[in-house]
Amino acid sequence: MPTSKLLSAVGNAELTFKNRVFMAPMTRARSEDHVANELTATYYAQRASAGLIFTEGTQISSQAIGWTNTPGIHTAEQIAGWKKVTEAVHKAGGLIFAQLWHTGRASHPDFHGGELPVAPSAIPFDSQVFTAEGPKPTVTPRELTIDEIKSTIADYEAAARAAKEAGFDGVEVHGANGYLPAQFLEDGPNKRTDEYGGPIENRARFLLEATDAAISVFGPERVSVRLSPRIPYNDMGDSNLEQTYMFAVEALEKKKVGILHFMESANLPEGAKPFAPEARKRFSGLFVVNVDYDQQTAEQAIESGLADAVTFGRLFISNPDLPERFRTNAPLAPSDHDTYYSGGENGYTDYPNLP
Ligand SMILES: Cc1cc2nc3c(=O)[nH]c(=O)nc-3n(C[C@H](O)[C@H](O)[C@H](O)COP(=O)(O)O)c2cc1C
């Protein structure tokens, strides 16, 4: 059997990952009262054979909430909940980063005592939010003041500190999927005229300050930043996507960020220019790709030098022992979409390992 690069170790000055089959961050909406619990610990420990686990999006503050039953990392109770998770994962031989999340405008007044969600700019947009009463249409958010932006960056730092206290091996700044840092980055949602809006140097400032906050706690090698230039949801848009995202990549390179977690489908439509190779050229840390990869395309991505590791999302939901299945070419179980966010053990901790 040819040697698998996907199953070989990789690392940086601070961390060694036992394989390059990483687990993608996935919201599972099973944290009642926004606190991770025993069931969360069981779920992540079951998946500890991943080279690295990224947790589901985890709120940095109560303002950051935009999805029902999702965990936070800004109270003592939440830190205690996550401690159970990191201890269980470490005991099972895994490594785990917390994904630091602020949903910004992709939220709903239901989460804020009837007040509006916050955003770079107060402009209407078309999306849906998963509330306690089911999906609801988004509202026009209110614009953050400069003072509020500064205190939100301080929230990132406090959340990173809380993640450290909870025993995480590092953190990921969630700069993808149309949440707050991406809302600042792209010129569709960001119409500000101050130092956080206008030219890309200004629009990238929020993401870069949030990254600096994480680095100030963990050091650069233990920080990942997730970016997604093209997503079909949360009503995002930029007049020059490539230029915008390559600016961000170059700025993250200057900060010596440990991991760049780049989302772009392995199956882009005919004729679409892939940005991942351009990002890869500009980034010397660990370059991790995601979206629609399978074992074969992941192996190719690493073999060709496009990536150092690949994150798998849906496959890790239904195959807790995914690296072992790859190693033995075992059949893969399909994930059940209906139980992604349904709560409880069903479709969460009841997917079996190979016998
Ligand atoms: C149920 C579910 C929840 C997700 N939640 C998050 C999340 O909290 N944060 C995030 O960055 N991406 C999230 N994603 C996106 C995944 O990280 C990943 O990008 C996506 O599943 C594509 O990878 P795949 O093709 O390997 O499944 C989620 C995806 C799924 C299926």
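Structure notes:
- In the distance distribution for the range 1-123, Cα-Cα pairs more than 25 Å apart total 34 percent.
- The packing ranking of peptides 292-298, 257-263, highest mean first, is 257-263, 292-298, where packing means the average number of other beta carbon atoms within 10 angstrom of each residue.
- Area accessible to solvent at Phe247, 1.4 Å probe radius, in Å²: 60 Å²
- Of the solvent-accessible surface of the chain, computed with a 1.4 Å probe over protein heavy atoms with every protein chain present, carbon and sulfur atoms account for 51 percent.
- Only alpha carbons enter this Debye calculation for the range 60-192, each as an equal point scatterer, and the log10 of I(q)/I(0) it gives at q = 0.10, 0.20, 0.22 Å⁻¹ is -0.34, -1.15, -1.29.
- Estimated from helical segments only, the mean residue ellipticity of the chain at 222 nm is -9000 deg cm²/dmol, where each DSSP H run of four or more residues counts as -39500 (n - 2.57).
- Accessible surface comparison of Met23, Met236, probe 1.4 Å, protein chains only, largest first: the order is Met236, Met23.
- Pair Thr16, His90: separation of 7 Å Cα→Cβ label points (nm): 1.8 nm
- Accessible area, probe 1.4 Å, largest first, for residues Leu185, Leu306: Leu306, Leu185
- The aspartates and glutamates within cross-link reach of Lys281, meaning a Cα-to-Cα straight distance under 17 Å and a gap of 8 or more places when in the same chain, are Glu242, Glu250, Glu253, Glu264, Glu303, Asp308.
- Residue-normalised accessible area of the range 10-339, given per residue in Å² at a 1.4 Å probe: 37 Å²
- Segment Glu345..Asn202, full-extension length gain: 47.1 nm, with 0.36 nm per residue of separation and the alpha-carbon distance subtracted.
- Neighbourhood charge, 15 Å Cβ-Cβ cut-off, centred on Asn37 and excluding it, Lys, Arg +1 and Asp, Glu -1: -3
- Cross-linked pairs Lys84/Lys136; Lys5/Lys84; Lys18/Lys256; Lys164/Lys256; Lys18/Lys164: Cα-Cα separations exceed 24 Å for Lys84/Lys136; Lys5/Lys84.
- Longest to shortest principal axis, alpha-carbon extents of the range 224-341, angstrom: 41, 31, 28
- Part-to-part distance (alpha-carbon centres) for the range 203-244 and the range 295-355, which is given in Å: 26 Å
- Radius 15 Å from Cβ of Pro135, net charge of other residues (Lys, Arg +1; Asp, Glu -1): -4
- Percent antiparallel among DSSP beta bridges (both partners in the chain, rounded to 5): 15 percent
- Heavy atoms of Thr16 accessible to a 1.4 Å probe, total area in Å² rounded to 10: 100 Å²
- Long hydrophobic helices in the chain, taken as whole DSSP H segments with a C-alpha length of 15 Å or more on their own axis and mean Kyte-Doolittle hydropathy at least 1.0: 205-218.
- Just so you know, the Rg over Rh for the chain is 0.94, from Cα atoms, with Rh as the Kirkwood radius.
- Oblate is the label for the range 191-241, because the ratio a/c of its alpha-carbon gyration tensor axes (a ≥ b ≥ c) is 1.5 or higher and a/b is not greater than b/c.
- Using R0 = 35 Å, the C-beta based FRET efficiency linking Asp338 and Glu115 works out to 0.60.
- Gaussian network model of the chain, Cα within-10 Å springs - most flexible of Ser239, Ser284, Ser61: Ser239
- Oblate is the label for the range 116-175, because the ratio a/c of its alpha-carbon gyration tensor axes (a ≥ b ≥ c) is 1.5 or higher and a/b is not greater than b/c.
The values are calculated or read from the model by the stated rules, or taken from the named source; none is laboratory data. Since we're looking at a predicted model, the values are computed, not measured. Because the Cβ atoms are built from the backbone with ideal geometry, glycine has one as well, and the counts that use them run over all protein chains shown. We work out accessible area using only protein heavy atoms, side chains counted, and drop any ligands, DNA or RNA first. Shrake-Rupley method; radii C 1.70, N 1.55, O 1.52, S 1.80 Å.
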